[in-house]
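Have a look at the structure below, then the notes.
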Amino acid sequence: MPELVFFSGTMDCGKSTLALQIEHNRSARGLQGMIFSRDDRAGEGKLSSRLGLVTDAVEVEDGQDLYAYLVDHLSQGGRADYVIADEAQFLAPEQIDQLARVVDDLGLDVYAFGITTDFRSKLFPGSQRLVELADRVEVLQVEALCWCGARATHNARTIGGVMVVEGAQVVVGDVTHSADEVGYEVLCRRHHRRRMTSATARAAALSPDVLPVSSS
Ligand SMILES: Nc1ncnc2c1ncn2[C@@H]1O[C@H](COP(=O)(O)OP(=O)(O)O)[C@@H](O)[C@H]1O
Ligand SMILES: Cc1cn([C@H]2C[C@H](O)[C@@H](COP(=O)(O)O)O2)c(=O)[nH]c1=O
């Protein structure tokens with residue numbers, strides 16, 4: 001039975017790498033995938049992993065009908081044996097419904113990859129629809145870690161390493177810190193709730209309040 005599978009996790013847990021592996025294994029056996037992505041860090045029409053692998057993808061546009069796109073492609077003699085959708089959190093709920101229709105009416109497996117929640121730990125609308133519709137939700141096995149060593153379950157947005165809680169839901173970026181640019185950091189729930197990033201934890205550890213009192 002064809003399936004709609006949602007591979008979900010935090011940022012930087014290997015979702016795009018897995019998408020590229022699934023693509024590689026199937027294309028090595030002569031199958032052809034339709035690869036969708038949206039707002040990948042590597043640029044328009046790309047699906048990229050931090051391990052350095054990248055492949056071309058169809059850049060999904062606002063309002064694009066993904067079911068109609070596939071029907072057009074197939075009816076013009078194109079081939080698609082399965083579908084991969086990366087950065088699926090950026091898709092509109094209607095586009096997730098269209099992917100479910102691809103499974104049910106065209107009989108293709110659809111593998112969607114994305115983060116479930118945003119920097120405020122609220123569901124992305126596309127991810128919410130995936131949780132509602134997917135045949136399976138798979139959590140990636142290689143866990144990303146919080147600075148404290150616990151499993152990272154939440155995504156923090158940072159500016160200069162400090163967690164922020166205001167701003168647009170979508171701001172494309174990476175898990176890096178620079179002085180004034182938006183970055184992201186994965187945290188455990190405890191430290192996300194306390195807004196404690198690696199930078200603020202380090203600063204707190206160095207603060208005079210918590211330094212051992214000198215005996216001299
Ligand atoms: N230099 C490296 N050596 C080994 N593994 C790495 C390296 N850099 C990144 N990775 C792995 O790649 C993962 C990120 O993969 P990626 O597919 O880009 O994540 P996602 O799509 O979930 O954001 C990291 O969790 C880590 O396991
Ligand atoms: C938490 C959060 C993330 N984003 C953006 C940042 C990245 O461009 C992608 C996630 O990509 P990854 O391959 O999973 O690392 O999502 C955002 O726009 N808003 C957020 O709240």
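Testing G52 on (1) crowded, with 18+ Cβ neighbours inside 10 Å; (2) part of a loop (DSSP other than H, G, I, E, B); (3) over 12 Å from the mean Cα position of the chain (by Cα), one condition comes back false. Which one is that?
Only one criterion in (1) crowded, with 18+ Cβ neighbours inside 10 Å; (2) part of a loop (DSSP other than H, G, I, E, B); (3) over 12 Å from the mean Cα position of the chain (by Cα) is unmet by G52, namely (1).
Name the single residue that is nearest to ligand 2 (Cβ to nearest atom) among those in the stretch 25-45 being surrounded by 20 or more Cβ atoms within 10 Å (Cβ to Cβ) and part of a loop (DSSP other than H, G, I, E, B). Can you show your working first?
Within the stretch 25-45, the subset surrounded by 20 or more Cβ atoms within 10 Å (Cβ to Cβ) is 33-38, 40.
Filter once more, so that each one left must be part of a loop (DSSP other than H, G, I, E, B): 38, 40.
Numbers: R38: 10, D40: 8 Å.
Result: D40.
Under the condition of being of a type in the set (S, T, N, Q) and surrounded by 14 or more Cβ atoms within 10 Å (Cβ to Cβ), which residue from the stretch 157-197 is farthest from Q89 (Cα to Cα)?
Applying the filter and picking the extreme gives T197.
With modelled with pLDDT of 95 or more, more than 17 Å from the chain's Cα centre (by Cα) and either part of a strand (DSSP E or B) or not assigned by the TED database to the domain that holds A201 (or both) as the only criterion, which of R157, R120, R101, R129 stands out?
R101
Can T176 be described as over 17 Å from G9 (Cα atoms), within 15 Å of ligand 1 (Cβ to nearest atom), under 17 Å from the mean Cα position of the chain (by Cα) and not small (G, A, S)?
Taking the combined requirement at face value, the residue satisfies it.
Return the total of residues in the stretch 57-83 being part of a helix (DSSP H, G or I), more than 27 Å from R41 (Cα to Cα), touching a residue at least 24 places away in the same chain (Cβ under 8 Å) and not β-branched (V, I, T).
Residues flagged as part of a helix (DSSP H, G or I), more than 27 Å from R41 (Cα to Cα), touching a residue at least 24 places away in the same chain (Cβ under 8 Å) and not β-branched (V, I, T) within the stretch 57-83 amount to 1.
The values are calculated or read from the model by the stated rules, or taken from the named source; none is laboratory data. Because the structure is a prediction, the values reported are computed rather than measured. Neighbour counts are summed over all protein chains in view; Cβ atoms, including those assigned to glycine, are modelled from backbone coordinates with ideal geometry.
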